[in-house]
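To start, the structure under review is shown below, and the notes come after it.
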Amino acid sequence: MPHEQPVGRVVATELKPSTPYQFFFWTARESPVGIGAIVKVEAPGRTVHGIVTEAFAYSDLVTPMHDVIGADGDPARVGTQPTDRAEIRLYAAAVLRQTPEEPLQPVPLAPVFLAGDEDVATALRMDGYTAGEESTGIPIGAYRAGGLDSPVYLDADFLLGPEAAHLNITGVSGLATKTSAVEFILNSIFQTFPKHKGSIAAVCFNVKGPDLLFLDQPCAITEEDRKLYDRLGLVPEAFANARYYAPYKADGANLNTLRTHEALSENTEPLIWGLREVLDYADVVLNRDDIDAKADAFIDFLAERVVGKKFDDPTLRDRPFQVQTFADLEGFFRAIFDFMEALGRGGEVWRTHHLATIRKVRNRLSNISVRSKGLVTDDGRVNDLPWSRFEDRGVYVIDIAGLDPLAQDLVFARVVSRLREQLERRELGVDHVVVFVDELNKYAPADGPETYVKKMLLDLSERGRYLGLVLFSAQQFRSQVMRRVVGNAGTSLYGRMDMDELATPGYATISAATKIKLATMPKGELMVRHPHFTQPVFVRFPRPAVLSGREGVERFPPETDLPLDAAVARQLRSLDRSITSLAIKDLIDGRRDEDVLKALHATRRMKPDNVMAYFTAQLGQRVRGENASGQARPVPAIKRVEDPYAP
Amino acid sequence: MNAQALHRIRALVVAKGLTAASWIPEASEGRMEEASIRPARLEEDPGLMVHDVGDAEPWPAAVAFLDGIQRYDIVAHHGVAPLVIATIAAAVRERRDRQLRTVAQGFRRLAVGRPVVLAAAGDALEGLHQIPLDDQEPIHPLRDLTAVRRAVDRERGRLEIEVGAQYQRNDGDWLLVDGSLTASPSWANDPWTIGIVKSHSILPFEGADLERYLQMPCGSRSSVFAPAPSQVAPVFSWALRLWPWEGHDVFFGLIRIEAAPTRRTVEAADQISRWLLAERAPLSTPDARWDRLLYGFRAVEMFLKTG
């Protein structure tokens, strides 16, 4: 919309001069200008775009006492005066861009206009990356002011690498801003990520409730939001290719997630790891006091010489060890301890490793299989993300909300490390991966010890962009997150903020008025910082076209925990709809639970054509305990003898 | 006139052989009046009385405020005779829905001096309205300045009348003029035009009447009277105390109101006074004349001075 009439005029005084980066202008009392509005100053030979950062109003009243006198000391008479005092609406604006850029001069004293679509693009330097055949613009929302609804784009090169990368969102909980924004932005990226930049997928960690559990379920969109989608050139649609991973509960049969409705089981699968998966990230499960050179050396020994290998030590036992599972590892440790005990004095060191070190490592590793039962199995079964087979525009959601914090760290560390390794070797299946982590303050706190996860997040934020590994993170309080992690986020979004948080030093550069706007921002609005924008801008984004967590659990209520037969049947039905609970019940009747689960996971892993037949084969032959004669023999009575010592 | 323009004129006249000067005479922005008593004729009451006008009431319709400003600078001397450059301006700001908007305005630049001075400056004064002073008397720089001030006063009065005439009012809309109506018969005879006089250099009574006149309490008015004829048009007038004078001086908060010389004015004096009492707020501070200067007039002055 063209704005041909000026809305204001630049003024400069000795106390409030125009500078190359800031200027002041006044407007009529009724004006569409407000905090965050983009304006244009037009002077001969120079155009300046700016964004309103502060606003002032005052009248010609010299002192409040004069108002008291004018009203005869009666507050009821204030406002009944026949004439309104002359008053000014004065705005401070920060310069977004000057044309020409050189020589850089103070903003001229000239008329001020509201920005139009083209002005917004120019002011935010979007003209440099949204034009041409190889546009890298990713819609983030619409800038709204004075009846304008201009799309605002982020530069994919600066959002997803290689120039800069990462995105961080801050905002108070409960206003659905953080999760909604990430869902919308991911969708926007998937729809507009430029072809010449390759393929992209996302891995999201669901850390609380049902937040991210219904990304594949569409929702109703209001007409206003639909128009906004149109304006941004996007289609309001759910994620077409979403897969969900959740560990089991301790029973090993029911998934530890709120996404347990049967209608959603097709793309919901268990996340199960074995010893190998854990051992590679043993650092995660060891606390700070545990980490020493001796423990490291022994873990290395286990990883390199024992686990997954044939380990032969005749002093421990005659036949070689084949350690594949936690159960095997426990047997291996038992053999060492038995051997050392048998040695007696002098039996404190085994193969240069002190017995105490071996015991410590054994305790920690055994502990993980107990604390993370459901994620880590004793028996070596594994069901993991589709490593090397990630799909373009695929979303992989890992629900770790119900896991013990130690297990959450383990999942997080292993998944991100594997993503990194595979991206490094270009064998993941996609060129870029966005990793979304909510509650970043928990994983990379500003204070607290240096944990493995924290170091890994720092590494990801500092070097991930070169690999195509991009961190999207969110938290309530940015000040509580390690500065280097959020500082590396090229793009920062701010939703409704807490005033206490805004009072922390990290927000010192934001004007008081902008802080008030941030503290009162409605749902669906964000303040955006991006490398191309010299000042933060406010945008409105439509609600994501997917069910929110709350809507999702209402429409797809989580199932109550099922007995083993029903849980198995339901999981197998995700492979073959014809399988009935009754058939499974008959089939597994009398079987050991471990055998049933082993067969279930083998079937899930193989995804055979004939699910029932494969599952039955995996169960193996039924072994019934019975007497050879088929008849119970009576126990012979104890022969009575005289007791020679009886009194 | 801004400093740059004055500097330019100064440079031009110096080039014509005049001697540059830079002086803003005292009271260059105000009108002059000599203190005197000119007895008035009462048009109401057998003797001068003080009337309580009642509570303030808001003006029932749109009201416009007319005011003007003047300013002059001595830019050069021809011999010892001054050359003065003056700026006069006037405007009408109309109040509707409590908001003031400028609806008429005029502006003029004057070059004032003896004919010989103006001739010497020649085309350096191009574009300025030239006002020659009477050169019957020998040159006296201070007396010449008094003559300059009178000439500028006259020109400002004329401009105000012109600007007032530009303002075409709807029936029932009032025009308040800052100053006397006697300079213009069209104002003086218009029942919708009211003059507000802040200056009391010329007093209408003496003796006990003057004491009563100057000691009126707040919210009261004098009887309506006809001031002694001095200018072009006769008017009716009365004084109104806007603020208590006790603790200040006898003129504090005292304004004199002028209106058309008709019976209707006498009948409406209380009503108009009540409306004017309502105009005490907002205060015209920080202007030193805030006790008598209505906010609407101050707004016009501000507009003219900053526009």
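The values are calculated or read from the model by the stated rules, or taken from the named source; none is laboratory data. Computed from a predicted structure; not experimentally measured. FYI the Cβ positions are ideal-geometry reconstructions off the backbone, even for glycines, and counts take in every protein chain you see.
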Considering only residues that are more than 14 Å from every other protein chain (Cβ to nearest Cβ), hydrophobic (A, V, I, L, M, F, W, C) and touching a residue at least 24 places away in the same chain (Cβ under 8 Å), which ones fall in the stretch B:252-283?
B:LEU254, B:ILE255, B:ILE257, B:ALA259, B:ALA260, B:VAL266, B:ALA269
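Which strands (runs of 3 or more DSSP E) sit wholly inside the stretch B:128-232 and have at least 2 residues that are among the hydroxyl-bearing types (Ser, Thr, Tyr)? Steps first, please.
On the way: elements: B:129-132, B:174-178, B:193-197, B:220-222.
Those strands (runs of 3 or more DSSP E) span B:220-222.
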Which one of these does B:GLU162 not meet: (1) under 16 Å from the mean Cα position of the chain (by Cα); (2) within 23 Å of B:LEU42 (Cβ to Cβ); (3) surrounded by fewer than 17 Cβ atoms within 10 Å (Cβ to Cβ)?
(2)
Residues being farther than 17 Å from A:HIS601 by Cα, in contact (Cβ under 8 Å) with a residue 12 or more places away in the chain and either surrounded by 16 or more Cβ atoms within 10 Å (Cβ to Cβ) or among the β-branched types (Val, Ile, Thr) (or both) - total across the stretch A:363-394
9
Return the pairs, sorted by first residue and then second, in which the second residue is of a type in the set (S, T, N, Q) and surrounded by 16 or more Cβ atoms within 10 Å (Cβ to Cβ), the first residue lies in the stretch A:569-580 and is in a helix (DSSP H, G or I), the beta carbons are less than 6 Å apart, and the residues are 6+ apart or on different chains.
A:ALA569/A:SER581
As an exercise: evaluate B:GLY79 against (1) small (Gly, Ala, Ser); (2) touching a strand residue (DSSP E or B) at 6+ places or on another chain (Cβ under 8 Å); (3) on the phi > 0 side of the Ramachandran plot and give the number of the one condition it does not meet.
(2)
In the stretch A:4-38, residue nearest to A:ILE510 (Cα to Cα) [restricted to those that are hydrophobic (A, V, I, L, M, F, W, C) and within 40 Å of the chain's Cα centre (by Cα)]
A:ILE35
State whether the residues of the stretch A:171-183 include one that is over 24 Å from A:ARG414 (Cβ atoms), touching a Lys or Arg at 6+ places or on another chain (Cβ under 7 Å) and not in a loop (DSSP other than H, G, I, E, B).
yes
Do we have A:VAL278 as crowded, with 17+ Cβ neighbours inside 10 Å, part of a helix (DSSP H, G or I) and touching a Leu at 6+ places or on another chain (Cβ under 6 Å) here?
no
Please enumerate the residues belonging to the stretch A:579-611 that are crowded, with 16+ Cβ neighbours inside 10 Å and either polar (S, T, N, Q) or on the phi > 0 side of the Ramachandran plot (or both).
A:SER581, A:THR603
Those residues of the stretch B:266-286 which are among the polar types (S, T, N, Q), crowded, with 22+ Cβ neighbours inside 10 Å and not in a helix (DSSP H, G or I) amount to B:SER284
Please tell me if A:SER135 is surrounded by fewer than 18 Cβ atoms within 10 Å (Cβ to Cβ), in contact (Cβ under 8 Å) with a residue 24 or more places away in the chain and not in a helix (DSSP H, G or I).
yes
For the stretch B:122-142, give me the residue count where each residue is more than 26 Å from B:ARG8 (Cα to Cα) and polar (S, T, N, Q).
1
Out of all the residues in the stretch A:350-367, is one or more of a type in the set (S, T, N, Q) and within 23 Å of the chain's Cα centre (by Cα)?
no
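Taking the options B:GLY253, B:GLY247, name whichever one is among the small types (Gly, Ala, Ser), farther than 17 Å from B:LEU293 by Cβ and out of contact with any His (no Cβ under 9 Å at 6 or more places or on another chain).
Details: B:GLY253 fails: farther than 17 Å from B:LEU293 by Cβ.
That would be B:GLY247, the only listed residue that is among the small types (Gly, Ala, Ser), farther than 17 Å from B:LEU293 by Cβ and out of contact with any His (no Cβ under 9 Å at 6 or more places or on another chain).
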Contact list, first residue from the stretch B:47-60 and within 14 Å of another protein chain (Cβ to nearest Cβ), second anywhere and among the aromatic types (Phe, Trp, Tyr), beta-carbon distance below 6 Å, six or more apart or interchain, is B:GLU57/B:TRP275; B:TRP59/B:TRP275
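Kindly establish whether B:GLY113 is more than 14 Å from chain A (Cβ to nearest Cβ), over 19 Å from B:ILE194 (Cα atoms) and surrounded by fewer than 21 Cβ atoms within 10 Å (Cβ to Cβ). Spell out the reasoning first.
On the way: more than 14 Å from chain A (Cβ to nearest Cβ): yes; over 19 Å from B:ILE194 (Cα atoms): yes; surrounded by fewer than 21 Cβ atoms within 10 Å (Cβ to Cβ): no.
No, not satisfied.
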Residues of the stretch A:37-86 being of a type in the set (A, V, I, L, M) and within 14 Å of another protein chain (Cβ to nearest Cβ), which ones?
A:LEU61, A:VAL62, A:MET65, A:VAL68, A:ILE69, A:ALA71, A:ALA76, A:VAL78, A:ALA86
Which of the residues spanning the stretch B:116-127 are surrounded by fewer than 17 Cβ atoms within 10 Å (Cβ to Cβ) and either assigned to a helix (DSSP H, G or I) or polar (S, T, N, Q) (or both)?
B:VAL116, B:ALA119, B:GLY122, B:ASP123
Looking only at the stretch A:184-223, filter to residues that are at pLDDT below 95 and in a helix (DSSP H, G or I); which one of those is surrounded by the fewest Cβ atoms within 10 Å (Cβ to Cβ)?
A:LYS195
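One line per residue, one yes/no per condition, for (1) within 14 Å of chain A (Cβ to nearest Cβ); (2) among the acidic types (Asp, Glu); (3) in contact (Cβ under 8 Å) with a residue 12 or more places away in the chain:
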site: B:PRO227; (1), (2), (3): no, no, yes
site: B:ALA233; (1), (2), (3): no, no, yes
site: B:PHE236; (1), (2), (3): no, no, yes
site: B:VAL250; (1), (2), (3): no, no, yes
site: B:THR285; (1), (2), (3): yes, no, no
site: B:TRP290; (1), (2), (3): yes, no, no
site: B:PHE297; (1), (2), (3): yes, no, yes
Restricting attention to the stretch A:244-275, the residues that are at pLDDT 85 or above, buried (at least 18 other Cβ atoms within 10 Å of the Cβ) and not in a loop (DSSP other than H, G, I, E, B) number exactly 12
